[in-house]
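Worksheet for the structure shown next.
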Amino acid sequence: MARPEVEAVFDAAFSVPGGHADAGETSAILAIRPDVVRLDRAACTPDAPHPDFLTVETFLECFPHGVIGGDPRVGSAQVGDQALEASAQACIRWLER
């Protein structure tokens with residue numbers, strides 16, 4: 001429902017497209033539950049190949065840290081707040097239709 005609005009926030013903040021456990025998702029979690037984010041354990045493999053089809057085996061082989069996309073260590077609560085606000089506003093617009 002609010003995906004384009006949230007993607008616009010992440011695209012403006014980060015130069016690498018999003019994926020999984022990336023800077024955007026980390027930012028959202030930093031905004032709502034910073035106590036569960038362990039940036040000291042975060043890592044990524046930016047030059048990993050991106051297979052056309054992902055299986056458990058290819059995921060673990062290509063993305064051993066679990067991150068697809070940009071480095072989660074550049075995520076921020078501020079960007080997360082902006083993304084959550086954009087999502088909330090999009091939901092309000094949808095409900096008011």
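Each value in this text was obtained by applying a stated rule to the coordinates, not by laboratory testing. Small disclaimer: the values here were computed from a predicted structure and weren't measured. Quick reminder, even Gly has a Cβ in these numbers, built from the backbone with ideal geometry, and neighbours come from all protein chains shown.
Note: relative contact order over the chain, using C-alpha pairs below 8 Å and six or more positions apart, is 47 percent.
On full extension, the segment bounded by Glu96 and Phe59 gains 9.3 nm, given 0.36 nm per residue less the C-alpha separation.
Only one residue of Gly75, Pro49, Leu30 has its Cα farthest out toward the positive end of the dipole of the range 3-95, where Lys and Arg carry +1 and Asp and Glu -1 on Cβ, and that residue is Leu30.
If you run the Gaussian network model on the chain, springs between alpha carbon atoms under 10 Å, then out of Asp40, Asp52, Asp22 the most flexible one is Asp52.
Built from the Cα atoms of the chain, the convex hull projects on average onto 7.1 nm², one quarter of its surface area. Computed over the chain with a Gaussian network model linking Cα atoms closer than 10 Å, the most mobile of Val67, Val79, Val37 is Val37. Taking a sphere under 13 Å around the Cβ of Ile32 and counting the other residues whose Cβ falls inside, with K and R at +1 and D and E at -1, yields a net charge of -3. Its Cα centre serving as origin, the chain has a Cβ charge dipole (Lys and Arg +1, Asp and Glu -1) of approximately 280 debye.
In this label model, Ser76 and Asp40 are separated by 2.3 nm, measuring between points 7 Å along each Cα→Cβ vector.
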